Amino acid sequence: TVPLLREIYQQVEPIRSWKTLGPFPLDAPPNVSTDQPIDFDAKIELAGDKEIGWRTLRVRDQRGQVNLGRVYSQDDKLAAFGYAEITSKTDHVAKFAVGSDDTLTVWVNGKQVYDFTDSRAFDYEQSTFEAPLVQGVNRILILCGNNGGPWQYAVAVSPVADYAFLKGPEAAA
């Protein structure tokens with residue numbers, strides 16, 4: 001039963017609070033540092049004297065879907081950044097589940113941990129991977145691009161599941 005209990009206690013929880021920056025051309029993203037603090041008050045100039053800034057989003061979808069087409073535009077060949085912070089009680093390796101329509105790149109604490117560069121229809125947990133989290137605040141940065149049609153993403157992370165009963169019996173038991 002221990003493997004089943006581990007699976008249950010390591011279920012992913014959606015991130016439902018984001019700061020987003022967009023839209024901008026998919027092939028010309030602005031320079032956003034993946035490993036340095038971000039100035040969320042800064043405005044970024046794009047070609048044609050267009051200016052964009054960070055905005056705060058509270059996701060209503062219970063599973064964490066961020067609908068960028070509704071927030072920004074349904075136009076093709078656009079992209080946007082998303083930034084979230086999650087707090088961890090301990091250093092540990094967390095399970096991530098991500099979904100997007102279309103492209104999606106994910107950085108955790110400045111390190112790229114996931115990259116999908118093709119087109120696909122959205123599903124909440126299209127891909128899973130593991131990434132280390134540190135005790136305290138962890139920074140999640142995503143870049144989601146739209147090749148055409150709907151445009152959305154979701155990121156979910158497993159919490160710390162550090163219960164003695166999940167570790168199984170001692171070898172001498």
(message) Can you tell me which lysines have their Cα less than 21 Å from the Cα of Lys50? Leave out same-chain residues fewer than eight positions away.
(response) Lys19, Lys77
(request) Could you list which residues have their amide H under 5 Å from that of Leu133, counting only those 5 or more apart in sequence or on another chain, with H placed in the peptide plane? (result) His92, Val93, Ala94
(request) Based on the mean of other Cβ atoms within 10 Å per residue, sort peptides 88-100, 137-149 so the most packed one is first. (result) 137-149, 88-100
(message) Restricting to DSSP H runs of at least four residues, report the calculated mean residue ellipticity at 222 nm for the chain, -39500 (n - 2.57) per run over all residues, nearest 500 deg cm²/dmol.
(response) -1500 deg cm²/dmol
(message) Quick check: pseudo-label points 7 Å beyond the Cα along Cα→Cβ at Asn109 and Val93, how many nm apart are they?
(response) 1.4
(message) I'm a student and want to see the number: the projected area of the Cα convex hull of segment 81-155, averaged over all directions, in nm².
(response) 4.4
(request) May I ask you to derive the FRET efficiency for Asp76 and Lys50 from their Cβ-Cβ distance with R0 = 22 Å, giving the value to the nearest 0.05? (result) 0.80
(message) What distance in nm lies between label points placed 7 Å from Cα along the C-beta direction at Ser119 and Asn31?
(response) 3.2
(request) Enter the per residue convex hull volume of the chain, computed from alpha-carbon coordinates, in Å³ rounded to the nearest integer. (result) 121
(request) Might you work out the accessible area of Thr117 for me, using a 1.4 Å probe with all protein chains in place, and round it to the nearest 10 Å²? (result) 110
(message) Could you work out the relative contact order of the chain? I mean the mean sequence separation of Cα pairs under 8 Å and 6+ apart, divided by the number of residues, in percent.
(response) 31
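The values are calculated or read from the model by the stated rules, or taken from the named source; none is laboratory data. All figures in this text were calculated on a predicted structure; none of them were measured in a lab. Glycine gets a Cβ as well: all are built from the backbone with ideal geometry, and neighbour counts include every protein chain shown. Each accessible area value is taken on the protein alone, full model and side chains, heavy atoms only, with ligands, DNA and RNA left out. Shrake-Rupley method; radii C 1.70, N 1.55, O 1.52, S 1.80 Å.
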